[in-house]
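What follows is a short report on a single structure.
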Amino acid sequence: MTDEAIKARIETGRQFMARWSQPGDETFESDQQKKLPQPPLVKAPMRETSIELPKNFEDLKLNNDILSVINNRKSSRVYTQEQMSLLELSYLLWTTQGVKDIRGRSYATIRTVPCGGARHEFECYMLIQNVEGLEDGSYHYLPMEHKIEMLNTKAELETTHGMTFRDLISATLNGQIWGAKGNIVFYYSMVAYRAEWRYGIRAHRTALIDAGHVTENLYIACSSANIGTCAIGAVNSALCDQIFELDGVEEFAFYAATCGMISEANAQAEKDFYAFVKRDNL
Ligand SMILES: Cc1cc2nc3c(=O)[nH]c(=O)nc-3n(C[C@H](O)[C@H](O)[C@H](O)COP(=O)(O)O)c2cc1C
């Protein structure tokens, strides 16, 4: 890439990040302002059957001391490969995308995370292995019912993509192989028009801010439940779109987070991830 091309891309990125409003935007009218119909609040189920999730969160052993939960929040990349309970998975979905209420008749969902204009423009997909009562494979969260639906089994995914399930998980994370040893990778997609209907030209900047709230809640929930997680920006979006049957235009995957069981015994292996800091005297 030429220096000029790099400079131009950086300039575009800075402009995108810095400006809510640009000169000339004054005449912009959103589809909401034009009184065009609002798109659905959530994606319709993709399969005919779904799986109930338990909500007896009082049975989880949670650290309820908020300051210690926040102080202990960290990224974990070494997982024990023990089984995760369905209740733990349910807790992570609830705390990151759970629907608590509906604003108006069907104007917006009110969730456990904040979101610009309450558009909640994300869908959550998962690659799951070794979670109690679930067959390994790909899943989609149904936030209105707090259920999940299985999209494809591990065997189907392995046949379609011509690689092992773990290699497939690793490929979605651009080769971050450690992510394939967890129990779940959450993948977040953007359903673009859900946000664009209200924010139009400003929707995308807001959505990226919104995505940070989702994974921060995941970090906090994981910290409270002694589960490991790591946000992943380096996502192979095109592969994720294929796996989760997204068209890559109206809906595209753009962010992920790994999750797995952790143990104190792995503290050193965890530190080894950043051993280069010491080695290179950084
Ligand atoms: C938006 C975002 C993207 C990230 N992407 C990756 C990633 O692709 N791979 C990775 O190993 N860590 C990733 N991380 C984790 C950061 O490296 C981590 O938060 C940082 O090193 C600070 O460590 P801590 O979370 O333990 O405080 C990401 C974190 C965020 C918030």
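None of the figures in this text is laboratory data; all of them are computed from the coordinates on show. What you see is a predicted model; the values in this text were computed from it and never measured. Methodologically, a virtual Cβ is constructed for each residue, glycine included, from the backbone with ideal geometry; neighbour enumeration extends over all protein chains shown.
Summing Lys and Arg as +1 and Asp and Glu as -1 over all other residues whose Cβ lies under 14 Å from the Cβ of E135 gives a net charge of -3. Label zone of A238 (point 7 Å out along Cα→Cβ, amide N under 14 Å): in segment 142-181 this covers 172, 174. Got a sec? Which residues in segment 220-246 would a label at A5 touch, if it sits 7 Å along Cα→Cβ and we count backbone N under 12 Å? Flagged as within label range: none. Extending 7 Å from Cα along the Cβ direction at N226 and again at N281 yields two label points whose distance is 4.1 nm.
Using R0 = 35 Å, the C-beta based FRET efficiency linking R166 and L36 works out to 0.20. Here the calculated FRET efficiency for E264 and N56, from their Cβ-Cβ distance with R0 = 35 Å, stands at 0.85, rounded to the nearest 0.05.
Counting charges near W178 (Lys, Arg +1; Asp, Glu -1) among other residues having Cβ under 12 Å from its Cβ returns a value of +1.
Packing around the peptides 15-22, 162-169, taken as the average count of other Cβ atoms within 10 Å per residue, puts them in this order, highest first: 162-169, 15-22. Could you please report the charge total around F165, scoring K, R as +1 and D, E as -1 over all other residues with beta-carbon less than 14 angstrom from its beta-carbon? With Lys, Arg at +1 and Asp, Glu at -1, the net is -2. Averaging the Cα positions of each part gives two centres, and for segment 17-80 and segment 89-146 these lie 7 Å apart. Residue separation of Y107 and M17 scaled by 0.36 nm, minus their Cα-Cα distance, works out to 29.6 nm of gained length.
Summarising the amide proton neighbourhood of I110: residues at separation of 5 or more, or on other chains, whose placed amide H is nearer than 5 Å comprise K100, D101, I102, R103.
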